[in-house]
1. Highest first, please rank the peptides A:87-97, A:320-330, A:60-70 by the mean number of other Cβ atoms sitting within 10 Å of their residues.
2. I'd like the distance between the alpha-carbon centres of region A:385-457 and region A:313-351, rounded to an integer number of Å.
3. How much mean residue ellipticity at 222 nm does chain A get from its helices, if each DSSP H run of length 4 or more adds -39500 (n - 2.57) and you divide by all residues, to the nearest 500 deg cm²/dmol?
4. Which three numbers, in whole Å and largest first, are the semi-axes of the equivalent ellipsoid of region A:278-384 derived from its Cα gyration tensor as √(5λ)?
5. For the pairing of chain A with chain B, what total accessible surface becomes buried, with a 1.4 angstrom probe, in square angstrom to the nearest 100?
6. If you put a point 7 Å past Cα along the Cβ direction, how far is that point for B:Arg30 from the same point in each other copy, in nm, smallest first?
7. Using modelled backbone amide H atoms (1.01 Å from N, in-plane), which distant-in-sequence or interchain residues come within less than 5 Å of B:Arg246's amide H?
8. List the trypsin sites (Lys or Arg not before Pro) within region B:328-413 that fall in a DSSP loop (any state other than H, G, I, E or B) and whose Cβ has at most 11 other Cβ atoms within 10 Å.
Protein chains: 2
Amino acid sequence: MTIETAIAALKDALGDRISTSRADREFHGRSETHFPDRPADAVAFPESTEEVSRIVRICADHGCPIIAWGTGTSLEAHAVPVRGGVSLDMMRMNRVLAIHPEDMDVVVQPGVTREDLNAELRATGLFFPVDPGANASLGGMAATRASGTTAVRYGTMRENVLSMEVVLADGRIIRTGSRARKSSAGYDLTHLMIGSEGTLGIITEMTLRLQGQPEAISAAICDFPDISAAVDTVIETIQMAIPVARIEFVDELTARAFNIYAKADLPERPHLFLEFHGSENAVREQAETVGEIVRSHGGGDFRWSTKAEERTALWKMRHNAFYAQKSLKPESDAIATDICVPISRLAEAVTETRADIEASGLLGPMLGHVGDGNFHCTFLLTPGAEAEKRAAKDLLHRLSLRALDMGGTVTGEHGVGIGKLGYMQQEHGEAWSVMSEIKRALDPDNILNPGKLVALN
Amino acid sequence: MTIETAIAALKDALGDRISTSRADREFHGRSETHFPDRPADAVAFPESTEEVSRIVRICADHGCPIIAWGTGTSLEAHAVPVRGGVSLDMMRMNRVLAIHPEDMDVVVQPGVTREDLNAELRATGLFFPVDPGANASLGGMAATRASGTTAVRYGTMRENVLSMEVVLADGRIIRTGSRARKSSAGYDLTHLMIGSEGTLGIITEMTLRLQGQPEAISAAICDFPDISAAVDTVIETIQMAIPVARIEFVDELTARAFNIYAKADLPERPHLFLEFHGSENAVREQAETVGEIVRSHGGGDFRWSTKAEERTALWKMRHNAFYAQKSLKPESDAIATDICVPISRLAEAVTETRADIEASGLLGPMLGHVGDGNFHCTFLLTPGAEAEKRAAKDLLHRLSLRALDMGGTVTGEHGVGIGKLGYMQQEHGEAWSVMSEIKRALDPDNILNPGKLVALN
C-alpha cells in the first residue's frame, strides 16, 4: 500500500501510457507562478473514462494520491502533487464528442482547450464564451470555476457547465445531470464538482452551454485621468444594467507594459477595454450610453476596433497582460493574485490596494474584470531579494483581508490551490468544516488531490 | 428519544411559539395536490436564526424529524411530514434585511414571499425576476429550485441566489458564500442547498441577485393553428438567441379554460404568451423579429398589452392557469406535473404527450415555460373514479419516462417531493447514491425532511 506499489500496478495496467521519466515527472510538478515545484511520482495518460476509472481504482487500492492535470496554466498551483502520487494528464481526452446546435450545447472531453473548442464551433454560428485568457483545458476551467473577460455578460464556468461525467475516488462513474436546461430533480452535483479543484472527482466529460455569435461586435478602449474615474465608470455601467460583453480595467503600469510588450501606443493612464455584442442597433445603443458615462467621469474618447483582426489583436494584448507586465521588470519573479468584492466596494478596494502597493515600494501593476468586482495584482520581484518577497507576501495577505472585510472573496477566479488555502477558514468559518465533511464522504481515504482546498489532515 | 419527548422539550424552550393544535397540525400536513395528508406532530414558529438552531438541536437530541414549511404551495408535497415530526413554519421570518441597490442584491429572510419582495423593491428601480406563479416564500423557492415564466431570460433560483445562511442538522449555522458576484474559493455550498428540499439544512437567510426594471416592457399573445406551430416558433426564437423575457405556451384546452375562468376571449387554439424587456428600441426590434417567426409558422397577429394594468391582467390569468384549468371540470381532482427536455426534443415531447393524453380519454390541458423545454400537464379526474386515477398515474409514468428517453429530467421546476421520488434512481443512476452519501455526511440521523429526495432508509 504505497505510491511505489501503485505505480507498479499501473504499469501492468497501462503499459506505455504511464511514465516515470524525469522530464514528465518534473513537468507535471510545476506551476506557472512562484510556488515550489514538487515532481509527480509518475504521470498517467488515460484515453477514456473507463481507463480513468481503472487508474483511480488502482490508486485507491494502494492509497496513492492522484492529481488531475490539464494545460498546467493554473496560477495557484492547483495541480502540483504536494503529497506526491500520480499526475493524471487528461490532455489525450481531447475530443469534441457532439455538437448540438439546435440545443446550443456541446459535449466535450476535459482535455479540449477553449480555443480548440471555439475553432471547432466556428461553422455553427455558436461559441463558448468563458475566456480566462490562458488557452486552458475545459476540464481545468471547470475544476477551478474559471471565468475571465466575458463573465460580466455570459457568466463563469458556474453558469456554463450544464452537466458532467465524473469518476469518483472509488472509481465509480457518475453523470451529474441531464441535457435539459433546468431541473429540480435532486442535489446539484454539477455545481458541487465545479470549483472542487480535483478533490472530489475526476471530470471525464462535460456538456457546455453555447452562445450564438452576436450579429454585431465592436470593441473600444478609452483612458481616464485616474483609477477612480475608470472604476466609477464601470460601476455606473453595471448599475444601469447595460449588457456589456467585456469591461476590463488596466492601470497605468499595465498600459505602459502593453506599450513595451505589444508595441501599443497607449497613454500611460488607467484604461477601460470594452466590447459590445448584439444586433447592430443594440451595439450602437450600448456604446452610446457607455460613451456618455465615460465622458461624465472625464474619460477620453473611445478608440474603436471595428475590424475582427483589430479586435483579436486588442484581446490578445489583454490576454498576454501577465507576460506584458513581466516585461516591466525583465527577469523578475512574478506573483499574480486576484480578489473579488461587491461592486459597491470596488473603487475603494482598488484605490486602497494601489496605495498599499505604492507604500510597499514594489512594482505591482493591476488590472481586472471589474464588471464583476474582480481584479488582479501582479508583483514583480527581484529574484533572490528576500525583503521584496516578504513585502509581497504581506501585500497579498492584506489584499485577502481587504476582500473579506469588504464582504468579498479571496479569489474571484484563480482558485484556492496553494496560495489561498490559508484563508479558507477565515472566509468560510464553519462552512469550511462542512466542505471537509463532504470531502470525507466522497473521498474517505483522501486520495484525490490531497493537501488542497479542505482541512483534512 | 421520541417525537413526543422532543415536543415536550420544545415547549419548554419555545412557549407559545410551538403549537400542537389540530388545526395547525393538519394545515402543515397538507399539499396543494393529490398526495395524502399527514398531519405534523407539532408546528414551531421560529423568529430568528438562533431559534431555528435551538429547535434543530433539540430535535436532533431526540431524533425527531423536522420539516421546513413556507406557503404550502408546493405541487409535489415536499413539506408533508411523511414520517411525522415537527413542521418548522418559517413565515414569521419574513423581513427584508438589507437592500443594496448599488450591488443589485438584497438580503432576505426565507419567509418573505416573492410578491412582498417586489413590493418592497418598487421604489428602487430593481426587481426579483423569478416567478413561479404562486406567491411562494423565497425560502421554499430556493429549497425546490423554483423557476417559472421568466427563467428563459433571467434564470431560475439556481442563477439568482448568491449565498445563504443555513442551519445544519446538528444546529450549526453556516454561510455558504460572500456577497461577491463570483468566487473560486471552495465547494459551492450555495448550489448544494438550492433544490435540496429541506433535506440538508434549513435556510434562514438569503442574498438574492436583483435585476434593473427594464426601460420598456411589452407583452403580447398570439394563436397558432396547432401545437407544433407554436412550439416550433419557440424553438426558433430560442435558437436565434432573441432575449425574450417570457415565452409561454398554452394549449387549446387551457385557452378555453381562460375564457371560462378569466372571461378572456381567446380563440380555442394553442397560444403563445410573450413578454419583451429592454430599451424602447430593443423591445421593438425583438418583437419584430419574433413577429416574423410567428408568421412563418402560420401564427396569428400579436394582440398587444402595452399598458401596465393589461400586462398585469395577462400574467395574472397565466398564473392562475391551474385554477382556470380546474374550471374545465368543476369539482374535479387535479394532478399537476412537469417535465423538461432539451429544446430540440420539445415539439416531439409535447405532441407525443398530447396524443397520449387523448388516447387515455382523460381531460388534460397542457402549458409550459417552453423556452426552457419545460412543460406542464394537469389531469382533471372525477373524484372517486378509480379507473381515471389509474389512467392518470399511467400517463404520469409514461411522461416521466418520455422525459428521460429524450435526455431530459422528470421535473424541470416542481421538484421531487413525493411524486417524482420513484424516478430518481432511473434519472441519476449511481449519482443518486452519491446524493445519499452527501445526505448521510450532513444529516447522519436523517432528521431533516426524512423520506424525501434521497434513498436513505
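The values are calculated or read from the model by the stated rules, or taken from the named source; none is laboratory data. Predicted, not measured: the structure shown is a model, and the values here were computed from it. With ideal geometry, Cβ positions are generated from the backbone for all residues, glycine too; neighbour counts draw on all protein chains shown. Remember, those area values only see protein heavy atoms, side chains included, never the ligands or the DNA or RNA. Shrake-Rupley method; radii C 1.70, N 1.55, O 1.52, S 1.80 Å.
1. Values: A:87-97: 20.7, A:320-330: 19.1, A:60-70: 23.5.
Averaged packing, sorted descending, gives the order A:60-70, A:87-97, A:320-330.
2. 21 Å
3. Working: 17 runs with 170 residues, N = 457.
Mean residue ellipticity, 222 nm, calculated: -11000 deg cm²/dmol.
4. Working: eigenvalues 182, 75, 28 Å².
Taking √(5λ) for each Cα gyration eigenvalue gives 30, 19, 12 Å.
5. On the way: alone 18660 and 18680 Å², together 31520 Å².
Approximately 5800 Å², summed over both chains.
6. Distances between equivalent label points, in nm: 7.0.
7. Correct list: B:Glu275.
8. Details: sites: B:Arg345, B:Arg354, B:Lys389, B:Arg390, B:Lys393, B:Arg398, B:Arg402; in loops: none.
Listed in order of number, the matching sites amount to none.
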